[in-house]
Amino acid sequence: MSKARSSSDEAVSGSLARIALSGTAKRVGIYLGVALAVFLLGMVPMWLKAREAASQRDAAQRELRLSQLQGTLASAAIDARRGEYEPARQTTSDFFTTLRTELDAGKESSLTARQREATAPLLARRDDIITLLARNDPVSSDRLADLYVSYRAAINDIPVK
């Protein structure tokens, strides 16, 4: 009888161990689930802030590229006005190359659709202005100044007078 009782006791203690183990596993699972939920709740605000910061960064980079393009053209106009035609020619060429790149980029461009439409006709002046600069023609400074005013108006949606 003692052998029967001992095997019966072992079966009961094995069942109790499994029940206790499964209770512990449930508790650990609940703790892990709660920890995961708290982690995700803490991560959502950080993700929203990071997304907003990235959006602001992209807007600032867009404005920077437009300002750099405008600065390049202004530099060329000043060089031409001072009679420094070769640096003005090189800078003007850089301006037109960058503008063409922005126009070809489409939706990835720093320019909005309206700005792309307004600046596209400026490329028609490229060969004329670069030729005048290569010839050291003083008229080139006036043409560059006109181009600058047209570019600034196109970027800022201002009608050209």
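Among the residues in the stretch 107-123, are any more than 24 Å from the chain's Cα centre (by Cα) and closer than 17 Å to Arg89 by Cα?
From the stretch 107-123, those more than 24 Å from the chain's Cα centre (by Cα) are 121-123; that's our starting set.
With closer than 17 Å to Arg89 by Cα added as a condition, the list becomes 122-123.
Yes, because at least one residue in the stretch 107-123 is more than 24 Å from the chain's Cα centre (by Cα) and closer than 17 Å to Arg89 by Cα.
If you check Ala80, Ala113, Ala74, Ala118, which single one turns out to be modelled with pLDDT under 95 and closer than 15 Å to Leu147 by Cα?
Criteria check complete, one pass: Ala118.
Touching a residue at least 40 places away in the same chain (Cβ under 8 Å) and more than 20 Å from the chain's Cα centre (by Cα): is that true of Ala37 in this structure?
no
In the stretch 69-161, which helices (runs of 4 or more DSSP H) lie fully inside it and hold 2 or more residues that are among the β-branched types (Val, Ile, Thr) and over 28 Å from Ala59 (Cα atoms)?
Here the list reads 126-134.
Has the stretch 76-95 got any residue that is more than 22 Å from Ser141 (Cα to Cα) and surrounded by 14 or more Cβ atoms within 10 Å (Cβ to Cβ)?
No: the stretch 76-95 contains no residue that is more than 22 Å from Ser141 (Cα to Cα) and surrounded by 14 or more Cβ atoms within 10 Å (Cβ to Cβ).
Could you grab the pairs with beta carbons closer than 8 Å, sequence gap of 6+ or different chains, first residue in the stretch 42-58 and more than 19 Å from Ser110 (Cβ to Cβ), second one part of a helix (DSSP H, G or I)?
Qualifying pairs under 8 Å: none.
Modelled with pLDDT of 85 or more and either exposed (fewer than 10 other Cβ atoms within 10 Å of the Cβ) or out of contact with any Lys or Arg (no Cβ under 9 Å at 6 or more places or on another chain) (or both): which single residue out of Arg65, Arg5, Arg18 fits that description?
Arg65
Can you tell me how many residues in the stretch 116-145 are charged (D, E, K, R) and more than 19 Å from Arg82 (Cβ to Cβ)?
So the count comes out to 6.
The values are calculated or read from the model by the stated rules, or taken from the named source; none is laboratory data. All values derive from a computational prediction rather than experimental measurement. For neighbour counting, all protein chains shown are included, and Cβ atoms are generated from backbone atoms with ideal geometry for every residue, glycine included.
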